[in-house]
Each structure stands twice: as structure tokens, then as C-alpha cells.
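Chemist: Below: one structure in C-alpha cells.
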Amino acid sequence: MQPLQLAILSTSRIVDEFLQHLSEIPEVSVQALCCRPQSGEKARAWAEQHGIPRVYTDEETCYRAGGFEAVYIGTANHLHYSAAKRALQAGYHVILEKPFTGTAAQARELYALADEKGVMLLEAITVYYLPQFAFLQRELARIGPVRGAMASFCARSRRYDDFLQGIWNTTFDPACQGGALNDMNVYNLHLLVGLLGAPQKAEYRASRAENGIDTAGLALLDYGNFTAAALAAKDSEGINGMTLQGPEGHLVVEGGTNALPRVYSVVGKERGGGTRTDGPAADRFRMAYEFAEFARILREKDTAAEAAARARTLAVMALLDTLHQG
């Protein structure tokens, strides 16, 4: 199978991380890098470093020139919707970073546009494509009916000190859709919804700075006969991972819920009995798993896989709407 020909929009940190591991993702071939004019020098340096043949500082010019099949969008959160809309209107498949859009309504609009244009739209959320997630899915039935779940992803942002000094950036700017819920808790929510489905009710208890941004927050997901809790923070460090428990045992994730570094199950009366692990995500760069699958879905026109990914994204977007409102 030929590599998926890809253009990348943005010179953000997540794009830099992706490019640093490009050699681990033979399923894609980056043909173009597009950015704002003020980031052109950085983009050209990256292009030279990673062998990317073309750099553009204007989206319209980039899309008109072509030479690629799909666009990976790694812009700031508040730009996702408009950037994805332009790429879809130009007739390209789109891989859109998390959080997908600002609202579920925007997500539905983009999916409708993708259908109209006959292209696919996928969310770049690593969780579902890691072998560790498949392990958790397989082991879920062994612990019996779920009775509780807790997920945590807390890491003090490198930009938090600047924020305390009054220097705002997209991470801590409400207008840019930053904050702990959108940037960090979204991974917890995808993990929990992916394993448990959508909750019946939900509420969000946030710690907010003076500008209104949530620097930390706890989401409570009501599943009727049990509650799941999702904690995230950008202002403090924590012990990250997930525990999901039932009458016969429990499942454990140790480490960030964006990468699931180690997972195992404990089944039976003896603690540690039945422990299994699929190994660290470092066996392959975490984004390599998802982009390999994205390339397959787009190449094979796997509409069933795209529909499943769409359903998961829409479920989490609806949940985010609820949490933002409360």
C-alpha cells in the first residue's frame, strides 16, 4: 500500500512532536507544511530537517497546488472548526486534532460537509488506536459489571508560570478554548466513553482563574448504577492513570491517559492475580498507531471504521457541551 500523501497545517508543539517521529510512521508521507506567514521561517527549517518538499504560508495556495490527499490540522483549539471547514471545502480528507471542535453542533456541521464533499473526517485522538486500549476492551468483561471508575491526567503546564505573571497564551485563554477540560480531561473522557459508553448525566466542578479559565476540574459521569470521575489539571502535578472496577476485579492504567503507558487487569481474590500487560506505548510512538489506522481507513475507504470513529467523537463532543454548561 502506498503511503498516504499528507499536508500538515500548523507549526504547533503537537506537529513538532509528530514530525520528530515521522520515520516511525511509514504509512504516511508528508508532502506539504502550511502555516501563518510569521511562522514561515520555522516551517522551512522543519521542512529541510524532515524532507518535506513544499512549504506554504497561505492555505488557499496550498490547497490549490495540491499534491496530497489529506490534511492534518494541529492548530490551536479555537481554530479547529474553521480550518477543518476550509480543508473539507477544498475537497481533502481531514485529520483534526483534539478537542475536535468548540461544540457538538460544529462537529455535526463538519461531518455533514465531509459527506457532501465525499471525503472523510477523523479526530486525532490517540486512545482508541493503541494496543493497550484493545487490551482493556478485552479484559472488561472479566471484572464483571462495572461499579466505579476513576481517571486522572494532571500535569503542570510549562506555560503556567507565564500565566501567573499575567502573560496569556492559548492554553489559558478562554477565547482560545484552552483549559483543563479541553486540553487534558478530553483524554479521560474519550477513554471512559470508549470503554463504558456515554453517561446518562454529567457535571463539571472546575477550579477557575480570574479570567474564567479552568486550570483544573473534576467531571462526574453518572451511569445510573455507578459514577465515573475524571480529574484533570494544568496547574499541578498528580498521579495519572485510570482504575475501573467490578465485583470480580479491576483494570488499571498507569500513566497518562493520552498514551496508556502500562495497562493490566487484576482478577480474582488475590491482589495481582491475573495481571497482564501489553507493554509500554513507547514500543512505538503513540501517534504512529493512530496515523497508521487513519491511512488504512482512508486508503481502503473503510466507512464502517469511519462511522465508528464519528460516533465516538460525537458522543464525547455532546458530553463536553454538557460539562461546559455546568
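Chemist: In whole Hz, what ³J(HN,Hα) sequence does the range 201-212 give by Karplus (6.51, -1.76, 1.60; θ = phi - 60°), x for Gly and Pro?
Modeler: 9, 7, 9, 10, 10, 9, 9, 10, 7, 4, 7, x
Chemist: What number comes out for the charge environment of residue 56, summing +1 per Lys or Arg and -1 per Asp or Glu over other residues with Cβ under 14 Å away?
Modeler: That sum, taken over residues with Cβ under 14 Å, equals +2.
Chemist: Pick out, in residue order, every one of the GluC sites (Glu not before Pro) in the range 178-245 that is DSSP loop and has at most 11 other C-beta atoms within 10 Å; say none if there are none.
Modeler: Sites meeting the loop and neighbour criteria: 210, 237.
Chemist: Let me ask you something else. Relative contact order (percent) for the chain, with alpha-carbon contacts under 8 angstrom and 6 or more residues of separation?
Modeler: Averaging sequence separation for qualifying contacts and normalising by length gives 18 percent for the chain.
Chemist: Taking amide hydrogens as modeled 1.01 Å from N in the peptide plane, which residues meet the under 5 Å criterion relative to residue 28, leaving out close sequence neighbours?
Modeler: Those lying under 5 Å, H to H, from residue 28 are 4.
Chemist: Shape verdict for the range 9-92, please, from the Cα gyration tensor: rounded (a/c under 1.5), prolate (a/b greater than b/c) or oblate.
Modeler: rounded
Chemist: May I pose another question? If amide H atoms are built 1.01 Å from N in the plane of the peptide, which residues on other chains or at least 5 residues away come under 5 Å of the amide H of residue 168?
Modeler: Those lying under 5 Å, H to H, from residue 168: there are none.
Chemist: Right, something else. With θ set to phi - 60° and the Karplus curve 6.51 cos²θ - 1.76 cosθ + 1.60, what are the ³J(HN,Hα) couplings of the range 125-141 in order, to the nearest whole Hz, using x for Gly and Pro?
Modeler: 10, 5, 3, 5, 9, 7, x, 5, 5, 4, 4, 4, 4, 5, 7, 4, 5
Chemist: Sort by residue number and name the cysteines in the chain that have no neighbouring cysteine Cβ under 4.7 Å.
Modeler: Unpaired cysteines in the chain: 35, 154, 176.
Chemist: Output wanted: per-residue J couplings in Hz (rounded whole) for the range 236-242, from phi through Karplus 6.51 cos²θ - 1.76 cosθ + 1.60, θ = phi - 60°, x for Gly and Pro.
Modeler: Going residue by residue, I get 6, 8, x, 8, 9, x, 8 Hz, with x marking Gly and Pro.
Chemist: Which longest run of the chain has no exposed loop site in it, a site being trypsin sites (Lys or Arg not before Pro) in a DSSP loop with at most 16 other beta carbons within 10 Å, and the site itself not part of the run?
Modeler: After excluding every exposed loop site, the longest remaining stretch is 1-146.
Chemist: Measure out, as a whole number of angstrom, how far apart the alpha-carbon centroids of the range 116-183 and the range 10-57 sit.
Modeler: 24
Chemist: Taking 8 Å as the Cα distance limit and 6 or more residues as the minimum spacing, I'd like the relative contact order of the range 135-198 as a percentage.
Modeler: The value is 35 percent.
Chemist: Separate question: Per the helix-only calculation at 222 nm, which mean residue ellipticity applies to the chain, given -39500 (n - 2.57) for every DSSP H run of n ≥ 4 and division by its residues, nearest 500 deg cm²/dmol?
Modeler: Result for the chain: -10500 deg cm²/dmol, rounded to the nearest 500.
Chemist: Let me ask another. Considering amide H positions built from the backbone, and no H for Pro or chain starts, which residues 5 or more places from residue 202, or on another chain, come under 5 Å of its amide H?
Modeler: Under 5 Å from the amide H of residue 202: 222.
Chemist: Still on this structure: Provide the gained length on full extension for the span residue 200 to residue 229, in nm with one decimal, where the gain is 0.36 nm per separating residue minus the Cα-Cα distance.
Modeler: 9.1 nm
Chemist: Report the net charge of residues surrounding residue 297, where surrounding means a beta-carbon distance below 14 angstrom and charges are Lys +1, Arg +1, Asp -1, Glu -1.
Modeler: Net charge in that neighbourhood comes out at -3.
Chemist: Take the residue pairs 42/85; 42/98; 117/201; 42/117; 42/301; 117/234 and return only those whose Cα atoms are more than 29 Å apart. Could you put the intermediate results ahead of the total?
Modeler: Values: 42/85 25 Å; 42/98 23 Å; 117/201 35 Å; 42/117 32 Å; 42/301 34 Å; 117/234 38 Å.
117/201; 42/117; 42/301; 117/234, as the Cα separations exceed 29 Å there.
Chemist: On a 0 to 90 degree scale, rounded to 10, what angle separates helix 303-325 from the longest Cα axis of the chain?
Modeler: It works out to around 70 degrees.
Each reported figure results from applying straightforward, stated rules to the coordinates on display, with no laboratory input. Remember, predicted model here, so these are calculated numbers, not experimental data. All Cβ positions, glycine included, derive from the backbone under ideal geometry; neighbour counts span all protein chains shown.
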